[in-house]
Amino acid sequence: MSNELDKHINAKLGKYESAVDAEALWQAVRPPRRRRPFGLVLLLAALLVAGAGSGWWLRKQANPVSASGTLEQAVSFEPGTDNTSSSATQTLAHKTSSAAAPNSVVPILDVPVSTQADKAPVTNEDKRIPSSFSTSNTASANSAEQTFPAHASTFSKEAEGLPTTPGVAEAAHPDGVVSTEMPPVIAAPNSKLLHTSTVTLLPNLEFLAVGQGVQPQLPNLVVAEMPSAPKQKMSPWFVQADAYYYKLSRDLTAPNDSVNLSRWAAARRGTETVLEATAAEITLGYHHKKGWQVRAGLGFTQLNTAFAYTATTTEVDSIEGLQMLVFYPDNSVDSIYGSVARYQTTTYRKRTYNSIRQWELPVMGGYRFTQGKLNVLLEAGIRLQLQRKLEGDLLTPAEEILDWSTTNWYRTGFGYSLQGGVQLGYSVSPRVSLSLGASVRYAPQNYTRSTAPFAERYQMLGAQLGVQYRLR
Amino acid sequence: MTESEIIRGCQRGKAKYQKELVLRYSPQLMTVARRYCRDDHAARDVLQEAFIKVFRAIDRYEPTGAFPAWLRRIVINAALQTKDKASYQREQTNLDAVAHPLVAPNVLSQMGAEELIALIQQLPDGFRDVFNLYVLEGYSHDEIADMLGIAPGTSRSQLVRARQKLQAMILQREKECYVKRVG
């Protein structure tokens, strides 16, 4: 008989298909979308490419000339003018050079540089630019200052006729050596300018004028050794303050195969709404002149979720009351009293905002492309979490409200996350610049400990607003 | 969509194939889960848990055996994990009162699958699991003993008791049906 029973049950149930709501089951067991750190990497890569492209474009705009920095300069001398007069001009790219023009002061390299006449006399027949030039900011030729203006990309010097002021240039500063391998020789009166030569500015500025019928002997001016402009000194150190607004993405999974997974996840997803994260930080950084920079400081991040729970319970009490009325044919009525049920419905609502607050140490490195007042910063780094605090409630599968802070489920100590971003900056003054950018944070670690009944992790993508101040 | 396509799709994490797996196999697996649980509600929980495990473990699935059998094994494991192992020992001690009725073959043949499942669900946990594992899954007593953490002798005796209990329940049900028919 046992065999009969076994066979019969086997035959009946072996391939029997029970009715099941497969769609509902699928909705319940549907795996969460796989975390895609690769997507974040792609996003970061796209930001990097965009930033690099912008930087390249900015750099290209800033350097329309070849990277060698060679500028061709024209030097011209016209006969009939005093080549030491104020009419003599040189033009350099946004810079000025000097000339032996008495009684005129013109900026050289954005600052006035002049020459003092050498001891060698300048005559009508043979005017020589002295073999050495002053690097001082003042110059004189025969006790008179001489300068000439400069213009971008061309370097021209006009000598209209013979010098009217005999000048002798001399070095006003012993260190300010301007090589004069070929002292400029101006032709005799009425000499005609035959040729305007080109000179190479960088690394050495040379100009050469050839007069008709004269041996072309003009000085090679070594600009590299000429005085530079006293630029406003900028410290490479800076202080930066940033504020961030992030869109939060939460992953709720089970650390191990547990029946609790769907229950915990369902309970929490049904009662919590993931909101946003805000962050602020202040950092001290070092900006290298080649564009690289690093910064580190102190940051604070707050992640927000909203908790809302509504529960309705009905309690049945037994109280003494009227149970029954009995109507008799003679119109009499009996009232029967006894315990009757009293239903009491209670609706419980709780709404609160949950927050995870953490102090961090951001350490960021990046590269800044600059053109004029605009700059693009590509940045990536790590945020070391120093402390984390939690405040709020969560719903357990048993529909009990649990205070986050009373659990031991979250990591509250040291941790880390990765951050990257791109910032577009604008210098409102030499020291102050504002920046606006995109930022992404990736948390490789769970926020929860392994002992928690669920694994929780947050990823962030958002915008950044910052201000930077270059220290003195 | 073939079985191998579903498996490959699930291994790539494609929702379309995962859904197809659930839709195709959940009716059979629900029967398995119902046999191991006290009621259908518990069976649904077990089935849900089993599919979650399937999606996690399918990367490691090697097509050495039948895929439905692999799925069934996961459902069985999920069902057994919800049980208190000590209950198998406790149930063994209360067997003497079970009678040894006989069920006529014609009575058996009149019973449908749903009725049989309902009867199996009424068995105590230990009886039910041993009966299912031995009669319907084909495990040996040694294997059952390993799976449930009991001695092989306990498995044998629980199988016997489970059969007797089932027969008794079938007779009782037949008796009630007769009374209804006669009036």
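The values are calculated or read from the model by the stated rules, or taken from the named source; none is laboratory data. Because the structure is a prediction, the values reported are computed rather than measured. Virtual Cβ from ideal backbone geometry, glycine too; neighbours counted across all protein chains shown. For accessibility, only protein heavy atoms count, side chains too; no ligands or nucleic acids. Shrake-Rupley method; radii C 1.70, N 1.55, O 1.52, S 1.80 Å.
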Helices (runs of 4 or more DSSP H) fully within the range A:1-90 counting 2 or more residues that are modelled with pLDDT under 70 and more than 14 Å from every other protein chain (Cβ to nearest Cβ): A:37-62
Output for the range B:160-178, where each listed residue is farther than 25 Å from B:S140 by Cα and in contact with a Lys or Arg (Cβ under 8 Å, 6 or more places away or on another chain): none
Residue match in the range A:311-322 (condition: in contact (Cβ under 8 Å) with a residue 60 or more places away in the chain, surrounded by 11 or more Cβ atoms within 10 Å (Cβ to Cβ) and small (G, A, S)): yes
Scan of the range B:8-38 for residues that are among the hydrophobic types (A, V, I, L, M, F, W, C) and closer than 14 Å to B:F51 by Cβ, ordered by number: B:C10, B:A15, B:L21, B:V22, B:L23, B:L29, B:M30, B:V32, B:A33
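For (1) modelled with pLDDT under 90; (2) over 24 Å from the mean Cα position of the chain (by Cα); (3) crowded, with 16+ Cβ neighbours inside 10 Å; (4) basic (K, R), each residue gets a yes or a no:
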| residue | (1), (2), (3), (4) |
| --- | --- |
| A:R351 | yes, yes, no, yes |
| A:S355 | no, yes, yes, no |
| A:W359 | no, no, no, no |
| A:P362 | no, no, yes, no |
| A:Q385 | no, no, yes, no |
| A:R388 | no, yes, yes, yes |
| A:G392 | yes, yes, yes, no |
Members of the range B:19-34 found to be in contact with a helix residue (DSSP H, G or I) (Cβ under 6 Å, 6 or more places away or on another chain), open to solvent by 10 Å² or more (accessible area, probe 1.4 Å) and facing another protein chain (nearest Cβ under 7 Å), listed by number: B:K19, B:L23, B:R34
Residue in the range A:436-443 that is open to solvent by 20 Å² or more (accessible area, probe 1.4 Å), assigned by TED's automatic domain parsing to the domain that holds A:G299, at pLDDT below 95 and in a loop (DSSP other than H, G, I, E, B) present: no
Qualifying positions in the range B:149-183 - assigned to a helix (DSSP H, G or I), more than 21 Å from A:K7 (Cα to Cα) and in contact (Cβ under 8 Å) with a residue 40 or more places away in the chain: B:T154
Residue, farthest from the chain's Cα centre (by Cα), within the range B:139-169, restricted to residues that are open to solvent by 20 Å² or more (accessible area, probe 1.4 Å) and facing chain A (nearest Cβ under 9 Å): B:V160
Residues of the range B:35-47 classified as crowded, with 23+ Cβ neighbours inside 10 Å and facing another protein chain (nearest Cβ under 9 Å), total: 4
Answer residue from the range A:449-466, given it is of a type in the set (S, T, N, Q) and modelled with pLDDT of 90 or more and is farthest from A:L402 (Cα to Cα) among those: A:Q464
Enumerated strands (runs of 3 or more DSSP E) restricted to the range A:329-400, each holding at least 3 residues that are over 30 Å from A:K60 (Cα atoms) and not charged (D, E, K, R): A:333-371, A:374-391
Near pairs, Cβ below 6 angstrom, 6+ apart or cross-chain, from the range B:112-138 (without any contact (Cβ under 8 Å) to a residue 24 or more places away in the chain and in the same structural domain as B:L148 (by TED's automatic domain parsing)) to any residue that is crowded, with 20+ Cβ neighbours inside 10 Å and of a type in the set (V, I, T): B:L116/A:I9
Selected residue (criterion: nearest to A:K15 (Cα to Cα)) from residues of the range B:48-79 that are over 15 Å from the mean Cα position of the chain (by Cα), part of a helix (DSSP H, G or I) and more than 9 Å from every other protein chain (Cβ to nearest Cβ): B:F67
